[in-house]
Amino acid sequence: MEKFVLSVASHKGGVGKTTLCFELPFLLLERGYKNILIIDLDPQANLSEKFIDDEEVKSKLSVSEFLNYVNEHEFTKDMMITALQLLDEIIIKYPFKKDIISVIGSNLTLSKVKLKMQNNTNIIFRIKEITSIFFKDYDAVIIDLPPSVEFLTILALSISTHFIIPTTLDRDSIQGIDDILSLYNEIHRFYNKNLSFVGIIPTLVDNRTLIDKHLKTALREGYANKVFQSQISRSTKIRESLSFKKYIGEMYSQNEKIIQELNLFTDELLTKIKNSNKNRVGQVS
Ligand SMILES: Nc1ncnc2c1ncn2[C@@H]1O[C@H](COP(=O)(O)OP(=O)(O)O)[C@@H](O)[C@H]1O
Ligand SMILES: [Mg+2]
């Protein structure tokens with residue numbers, strides 16, 4: 001089993017980031033992953049609201065308390081120990097069959113905390129040091145992000161081993177991919193040598209429309225093997241299951257096209273992560 005910390009990033013909203021972050025932990029459990037941690041780094045807290053009920057999102061401790069604590073304390077051994085305890089305390093356990101998904105939620109306070117932190121680049125190294133210890137207990141960590149290229153994106157990519165970019169097939173979404181890729185180059189240089197770009201996954205695809213077909217071809221021409229072979233189609237079934245806050249595989253049969261696509265996507269993701277790890281081992285650093 002490949003361990004990873006995966007960020008799901010895009011400069012644009014409505015491309016299915018949160019949806020992928022919601023479905024992925026269940027798809028990973030089905031593949032034998034055990035300890036899975038989900039982190040919501042979007043102040044909008046859409047992902048948190050799928051795992052936790054709305055009132056709880058407001059009242060529970062969230063990632064903001066952790067970030068604020070690290071931002072406001074001197075970096076000492078004691079502080080690191082307390083920060084790690086705090087991370088344990090803010091986790092919400094989401095039971096699924098015989099397993100438990102660990103969730104670190106978000107809420108609107110995160111936008112305030114972010115403003116306080118964003119002029120402090122040292123904070124990224126501190127958080128990285130703390131999370132690299134904390135993540136050791138998990139087989140997979142998945143981080144959902146706000147729809148922008150900003151401090152929280154830099155932070156997430158700095159503490160991740162991998163990232164993917166979901167995109168819908170429209171010009172705005174596709175044009176924004178380069179913004180994230182240039183950010184990736186900077187982060188790789190300054191903050192995180194271990195970060196790999198896994199690829200671009202087309203989402204909310206409508207195969208019947210010519211424009212989607214045309215833009216998918218353009219995407220492959222532009223980004224070649226960095227575009228996933230799999231794709232996620234537009235599906236009312238996924239919207240239905242999301243509105244019930246349920247994993248789609250729990251509501252519909254495995255024969256459904258959208259479930260097959262999610263399975264193919266997950267398998268491809270895991271293969272790509274495995275290959276990127278192999279290449280990394282081969283690299284002379
Ligand atoms: N494959 C899909 N088919 C149909 N609707 C989808 C699909 N993926 C996401 N959606 C819907 O599109 C909207 C945006 O998705 P979301 O995952 O919240 O995007 P993001 O996090 O990138 O803003 C949501 O209302 C979600 O229910
Ligand atoms: Mg979202």
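The values are calculated or read from the model by the stated rules, or taken from the named source; none is laboratory data. Since the model is a prediction, treat every value here as computed from it, not as a measurement. Every residue, glycine as well, gets a Cβ built from its backbone with ideal geometry; the counts of neighbours run over all protein chains shown.
Of all residues in the stretch 46-64, those satisfying the criterion of being among the hydrophobic types (A, V, I, L, M, F, W, C) and modelled with pLDDT under 95 are Phe51, Ile52, Val57, Leu61.
Taking residues in the stretch 118-140 that are without any contact (Cβ under 8 Å) to a residue 24 or more places away in the chain, and partners anywhere that are of a type outside the set (A, V, I, L, M) and surrounded by fewer than 19 Cβ atoms within 10 Å (Cβ to Cβ), not one pair has Cβ atoms closer than 7 Å while being at least 6 places apart or on different chains. Within the stretch 118-153, being within 16 Å of ligand 2 (Cβ to nearest atom) and not acidic (Asp, Glu) holds for Ile142, Ile143, Leu145, Pro146, Pro147, Ser148, Val149, Leu152, Thr153. Could you please find all residues in the stretch 220-232 being surrounded by fewer than 16 Cβ atoms within 10 Å (Cβ to Cβ) and small (Gly, Ala, Ser)? Residues satisfying the conditions are Gly222, Ala224.
Could you tell me whether the stretch 115-127 includes any residue that is within 16 Å of ligand 1 (Cβ to nearest atom), surrounded by fewer than 20 Cβ atoms within 10 Å (Cβ to Cβ) and not in a helix (DSSP H, G or I)? Scanning the stretch 115-127, I find no residue that is within 16 Å of ligand 1 (Cβ to nearest atom), surrounded by fewer than 20 Cβ atoms within 10 Å (Cβ to Cβ) and not in a helix (DSSP H, G or I), so the answer is no. When the stretch 130-163 is filtered for residues that are more than 16 Å from ligand 1 (Cβ to nearest atom) and either farther than 23 Å from Ile273 by Cβ or among the β-branched types (Val, Ile, Thr) (or both), the ones remaining, listed by number, are Ile130, Thr131, Ile133, Val141, Phe151, Ile154, Ile159, Thr161. Checking each residue in the stretch 181-215 for being within 26 Å of Tyr138 (Cα to Cα), surrounded by 12 or more Cβ atoms within 10 Å (Cβ to Cβ) and touching a residue at least 24 places away in the same chain (Cβ under 8 Å) picks out Tyr184, Ile187, Tyr191, Asn192, Asn194, Leu195, Ser196, Phe197, Val198, Gly199, Ile200, Ile201.
The residue that is nearest to Phe134 (Cα to Cα), counting only those in the stretch 97-107 that are surrounded by fewer than 18 Cβ atoms within 10 Å (Cβ to Cβ) and at pLDDT 95 or above, is Ile100. Taken as a whole, the structure leaves Tyr69 outside the set of residues that are more than 16 Å from ligand 1 (Cβ to nearest atom) and either under 18 Å from the mean Cα position of the chain (by Cα) or closer than 16 Å to Thr18 by Cα (or both). The set of residues in the stretch 154-167 that are in contact (Cβ under 8 Å) with a residue 40 or more places away in the chain, farther than 25 Å from Met1 by Cα and either within 13 Å of ligand 2 (Cβ to nearest atom) or aliphatic (A, V, I, L, M) (or both) contains only Leu155. Considering the stretch 220-271, and only residues there that are in contact with a Ser or Thr (Cβ under 8 Å, 6 or more places away or on another chain) and within 16 Å of ligand 2 (Cβ to nearest atom), the residue that is nearest to Asp54 (Cα to Cα) turns out to be Leu242.
Is one or more of the residues making up the stretch 238-245 touching an Asp or Glu at 6+ places or on another chain (Cβ under 7 Å) and without any contact (Cβ under 8 Å) to a residue 40 or more places away in the chain? No, the stretch 238-245 contains no residue that is touching an Asp or Glu at 6+ places or on another chain (Cβ under 7 Å) and without any contact (Cβ under 8 Å) to a residue 40 or more places away in the chain.
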